[in-house]
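Participant: Quick one: structure below, then a few questions.
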Amino acid sequence: MKRRLFCALPLMGAGLAPMAATANNFPSKPIRIIVPYAAGGTTDMLARVVGKHVSDHTGQPVLVENRPGANGMLGSSVVAKAPADGYTIGIATPGNHAANASLYKDVPYDTVKDFAAVSLAVNAPMVLVAHPSLGVKTVAELIAKAKAAPHSIVYASGGSGSSMHLAMESFASMAGIRMNHIPYKGSGNSYVDLLAGRVTLLMDIIPQALPRVRSGELIALGTASTQRLTELPNVPTIDEAGVKGYSAGSWYGFVGPAGIPQDTMTRLNSLIVNAVRDPDISRKLQEAGLQIVAGSPQQFQSFIESEVKKSAEIIRAANIKPD
């Protein structure tokens, strides 16, 4: 019996070797990155530059799929329902992974429980911009004008509950002013009316707003960052301009379905963190006005939970409803 047992041990070890190799060789087939918004935006760009880096360093194809619809919920549902093997991941933003939880009654997933946070990737600082026809050049002038005629100023956003909308509602509340909101289907669509002067105010991320500021079509009143931005060194923060404690921004990260094995999660996190920290990619993202903030799954999970709570407070206080 002893001899038979000892002879069996090498066979058992040989049987376990392929299992261990499989776990350590992730990925061994193509990875899908689900972008819950249309192609061409910041979310799409991030997925594609990271996907290419991961593919180049693993030898496996990375397929980027755009699944827009229902304010990001359609694409996010695909990720939540995918097998928890690490081969389907998605992009998380303040909309689909924070605001939607409070904005809609029938969200088809639990933002916290149905996903595994992989890594926060980048932050996108925001800037408050005005059309020249509004007749203001500073945050103080804007606040004075809004207080003199409540509801007379019309601002745009990329949709009810979007990061743009929540940032502006938070600003209005802290500044003690009341304005009218017009939601659009994405920030890109809002610029048509903004540049024509049909709406006169917008809070948007730097990658979208900066070209219009540099061209002189829009006036940068203040940045929503905690410190002045290198892209706009002469523009004060909104906090500096008098709304003490104010800050806002958008963010983008990677998530997968809940239950991804720990070794796979560790590998996924490493691939994504290394991608956004790659010198060439990092430079490209920073030139687009994005800030690299890659970190651990645990850090991103805690961040998502805090963002869900913060969004809920703003939505409740401003009584924001879906479009």
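Participant: Read phi for every residue in segment 110-115 and hand back ³J(HN,Hα) as whole Hz from Karplus 6.51 cos²θ - 1.76 cosθ + 1.60, θ = phi - 60°, with x for Gly and Pro.
Facilitator: Rounded to whole hertz, the list is 8, 4, 8, 7, 8, 10.
Participant: Taking only Cα atoms, what is the 0 to 90° angle, nearest 10, from helix 163-175's long axis to the longest principal axis of the chain?
Facilitator: Value to nearest ten degrees: 50.
Participant: Please list the non-local residues whose amide H lies under 5 Å from the amide H of V293, H modeled 1.01 Å from N, same-chain partners needing a gap of 5 or more.
Facilitator: Distant-sequence amide H within range of V293: V122, N123.
Participant: R0 = 30 Å: FRET efficiency of N189 with E141, Cβ-based, nearest 0.05? Display every interim value, and only then the final one.
Facilitator: Values: r = 27 Å, r/R0 = 0.91.
Using R0 = 30 Å, I get an efficiency of 0.65.
Participant: To test your reading of the geometry: what angle, between 0 and 90 degrees and rounded to tens, separates the Cα axis of helix 42-58 from the longest principal axis of the chain?
Facilitator: 20 degrees
Participant: On full extension of the chain, what length is gained from R277 through K81, given 0.36 nm per residue of separation minus the C-alpha to C-alpha distance?
Facilitator: My answer for the length gained is 67.6 nm.
Participant: May I pose another question? Measuring from label point to label point, each 7 Å out along Cα→Cβ, what is the R48 to S28 span in nm?
Facilitator: It works out to 3.2 nm between the two label points.
Participant: How much length is gained if the chain between D56 and Q291 is pulled fully straight, taking 0.36 nm per residue apart and subtracting their Cα-Cα distance, in nm to one decimal? If you can, show how the numbers build up before the last one.
Facilitator: Working: separation 235, 0.36 × 235 = 84.60 nm, distance 2.31 nm.
Value of the extension gain: 82.3 nm.
Participant: Specify the inter-centroid distance of segment 209-281 and segment 50-71, based on alpha-carbon positions, in whole Å.
Facilitator: 21 Å
Participant: While we're here: Give me the one-decimal nm value for the distance between modelled label points at N319 and H151, 7 Å along each residue's Cα-to-Cβ direction.
Facilitator: Roughly 1.1 nm, to one decimal.
Participant: Next up: Looking only at D85, D239, D280, which one moves most when the chain is put into a Gaussian network model with springs between Cα atoms under 10 Å?
Facilitator: Comparing D85, D239, D280 in the GNM, the peak value goes to D280.
Participant: Shifting gears a bit: Please state the shape class of segment 125-223: rounded when a/c is under 1.5, otherwise prolate if a/b exceeds b/c and oblate if not, all from the C-alpha gyration tensor. Don't skip to the end; give the middle numbers.
Facilitator: Values: a/c = 1.43, a/b = 1.17, b/c = 1.22.
Rounded, because the longest to shortest axis ratio a/c is under 1.5.
Participant: Which order, highest average first, do 55-64, 90-99, 29-38, 287-296 follow once you tally other Cβ atoms within 10 Å for each residue and take the mean per peptide?
Facilitator: Working: 55-64: 14.4, 90-99: 27.7, 29-38: 19.5, 287-296: 17.5.
Final packing ranking: 90-99, 29-38, 287-296, 55-64.
Participant: Would you mind counting up the charge near M168? Only other residues with Cβ under 12 Å from its Cβ, with Lys and Arg at +1 and Asp and Glu at -1.
Facilitator: So the surrounding residues net to -1.
Participant: Further question on the same structure: For L221, list long-range residues whose amide hydrogen, built 1.01 Å from N in the peptide plane, is under 5 Å from its own amide hydrogen.
Facilitator: Answer set, sorted by chain and number: L128, V129, A130.
Where a number appears in this text, it was derived from the coordinates with a stated rule and is not lab data. Owing to the predicted nature of the structure, the values given are computational and were not obtained by experimental measurement. Using ideal geometry, Cβ is built from the backbone for each residue, glycine included, and neighbour counts are taken over all protein chains shown.
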